[in-house]
Amino acid sequence: MNYSQAAKEIAKRFNLTISESEKILGFLWNRLSEDLVDDQRVYFRGFGALHRDYRPERKYRDPRTGRMKVRAAYFDVDFRTAKKLLNKLNRKKG
């Protein structure tokens with residue numbers, strides 16, 4: 001499901017216009033982004049948690065040139081799946 005599909009589904013389920021549901025989604029994504037920038041964990045019960053993770057500077061070899069290069073340090077977003085969702089995904093069918 002992508003952004004526009006989610007907006008249509010929210011609009012349909014809660015009797016909203018698509019523009020209203022897009023505003024709701026926009027607010028949600030902006031709030032999630034702000035919390036991650038502020039180094040806060042974002043948790044959805046039964047789904048999982050997002051948190052900001054620091055990746056330190058590291059050296060690597062460029063395969064084309066063979067030269068050693070340095071990749072700058074950066075922040076990344078890490079997702080940890082909730083046990084409830086993992087169990088649901090791995091449930092055996094049959």
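In the range 44-78, of all residues being over 30 Å from L89 (Cα atoms) and among the aromatic types (F, W, Y), the one that is farthest from the chain's Cα centre (by Cα) corresponds to Y60. Pairs are defined by a Cβ separation below 7 Å, a sequence spacing of at least 6 or placement on different chains, a first member in the range 23-52 that is in contact (Cβ under 8 Å) with a residue 12 or more places away in the chain and loosely packed, with under 13 Cβ neighbours inside 10 Å, and a second member that is of a type in the set (K, R) and part of a strand (DSSP E or B); the pairs so defined are D39/R52. K8: surrounded by 13 or more Cβ atoms within 10 Å (Cβ to Cβ) and in a helix (DSSP H, G or I), yes or no? The answer is yes for K8.
For the range 59-90, the candidate set comprises residues that are part of a loop (DSSP other than H, G, I, E, B) and among the basic types (K, R); within that set, the residue that is farthest from W29 (Cα to Cα) is R67.
Read the figures in this text as sums done on the coordinates, not as results from a lab. Nothing here was measured: the structure is a model prediction, and the numbers come from that model. FYI the Cβ positions are ideal-geometry reconstructions off the backbone, even for glycines, and counts take in every protein chain you see.
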